[in-house]
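Student: What follows is a structure written as structure tokens; I'll ask about it next.
The values are calculated or read from the model by the stated rules, or taken from the named source; none is laboratory data. Given the structure is predicted, the values throughout are model-derived calculations rather than measurements. Because the Cβ atoms are built from the backbone with ideal geometry, glycine has one as well, and the counts that use them run over all protein chains shown.
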Amino acid sequence: MTGDILSVDEILEGLKTTCLGRRIYAHDSLDSTNATAKALTKDGAPEGSLVIAEEQKRGRGRFGREWYSPKGLGLWFSLILRPEKDVEKLCSLSVLASVSLVQAIRASTALPVLARWPNDCVLQGRKLCGVLAEIDPPFVVLGIGINVNNSSFPAELPTATSLRKELGKPLSRVELLCQVLLQLERDYSLFLQHGGLEPLLGRAREFSSLVGERVSVSTGEGSVLGEVLGIDEEGRLLLRLSSGKIRPLIAGEVRQVR
Ligand code: BT5
């Protein structure tokens, strides 16, 4: 793991994909890899292009939140996708990415990571990864942040964790990146072939931190309380309300209720 620098050569050496990451834009520092990737779509960057940075100065989360992206410690990257589908319906790509992330991280570390709908990976409730899929028709920029070798986090992030903290030792970011990209490519092609998440639903359920839990989901139209039944093929969270009615939710912030 000498150096563990995210250089184009090191990444290409370990990469087994045919599309994702075949064109790489590697930077030392960027405001946000998603912002750079969006700009690159205008310059004709091909599908699968990877934008990666050692640090982000203004890494972003959903709803204008910040994503803490310190230098050399994590994987902060974005992929340019062009799914040739009705991209407006693609809220399911963040669900897809969280399932692929769980699979790849479990294979690399054997840690019991789970996916927390719609866009996180967690370990015992602590946030390890975040996904931000931004739709910019006909493109989707899929941004992924993974806390890899952080030994600590700022006080404002008491529920963040990293693979290093959980494993007690550092991990090669390049190897993990190659594993994540390969898994994402497999899952993305399944998604394209079937026109939805259907082939991934078994894993989405198995890896879910929420199935069977009582939750409160805050949506644009207020909070909804219910029990999580699963995820459907459009990536919606299926909630059973106290009336017995099943309500699919497209987006929202989930909080477990004891
Ligand atoms: C997310 O948003 O979780 C999406 C994060 C996506 C980050 C990637 S990095 C590469 C690409 N380029 C970008 O600019 N972004 C993407 P959300 O669900 O809104 O969660 C954001 C919240 O997570 C923040 O308000 C904090 O509470 C917390 N947070 C921020 N940084 C964190 C970190 N490094 N680890 C864990 N939690 C964090």
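Student: Would you check if there is a residue in segment 82-91 being within 13 Å of the ligand (Cβ to nearest atom), more than 23 Å from Arg164 (Cβ to Cβ) and free of Cβ contacts under 8 Å to residues at least 60 places away in the same chain?
Tutor: The answer is no, given that none of the residues of segment 82-91 is within 13 Å of the ligand (Cβ to nearest atom), more than 23 Å from Arg164 (Cβ to Cβ) and free of Cβ contacts under 8 Å to residues at least 60 places away in the same chain.
Student: Could you grab me the full set of residues in segment 41-59 that are within 13 Å of the ligand (Cβ to nearest atom) and either touching a helix residue (DSSP H, G or I) at 6+ places or on another chain (Cβ under 6 Å) or within 27 Å of Thr17 (Cα to Cα) (or both)?
Tutor: Leu50, Val51, Ile52, Ala53, Glu54, Glu55, Gln56, Gly59
Student: When only residues in segment 125-139 that are without any contact (Cβ under 8 Å) to a residue 60 or more places away in the chain and surrounded by 21 or more Cβ atoms within 10 Å (Cβ to Cβ) count, which is farthest from the chain's Cα centre (by Cα)?
Tutor: Going through the qualifying residues, I end up with Leu128.
Student: Taking the condition of being near the ligand (Cβ under 7 Å from one of its atoms) and either closer than 21 Å to Ile135 by Cβ or at pLDDT below 95 (or both), how many residues in segment 67-81 meet it?
Tutor: Number of matching residues: 4.
Student: Next up: Counting only residues that are among the hydrophobic types (A, V, I, L, M, F, W, C) and over 14 Å from Cys129 (Cβ atoms), which one in segment 154-171 is nearest to the chain's Cα centre (by Cα)?
Tutor: By that ranking, first place goes to Leu167.
Student: Name the single residue, out of those in segment 21-39 being more than 9 Å from the ligand (Cβ to nearest atom) and under 17 Å from Leu132 (Cα atoms), that is surrounded by the most Cβ atoms within 10 Å (Cβ to Cβ).
Tutor: Filtering segment 21-39 for residues that are more than 9 Å from the ligand (Cβ to nearest atom) and under 17 Å from Leu132 (Cα atoms), the one surrounded by the most Cβ atoms within 10 Å (Cβ to Cβ) comes out as Lys38.
Student: Follow-up. Tell me the residue from Ser152, Ser162 that is at pLDDT 95 or above and either over 19 Å from Pro112 (Cα atoms) or among the hydrophobic types (A, V, I, L, M, F, W, C) (or both), please.
Tutor: Testing whether each residue is at pLDDT 95 or above and either over 19 Å from Pro112 (Cα atoms) or among the hydrophobic types (A, V, I, L, M, F, W, C) (or both) leaves just Ser152.
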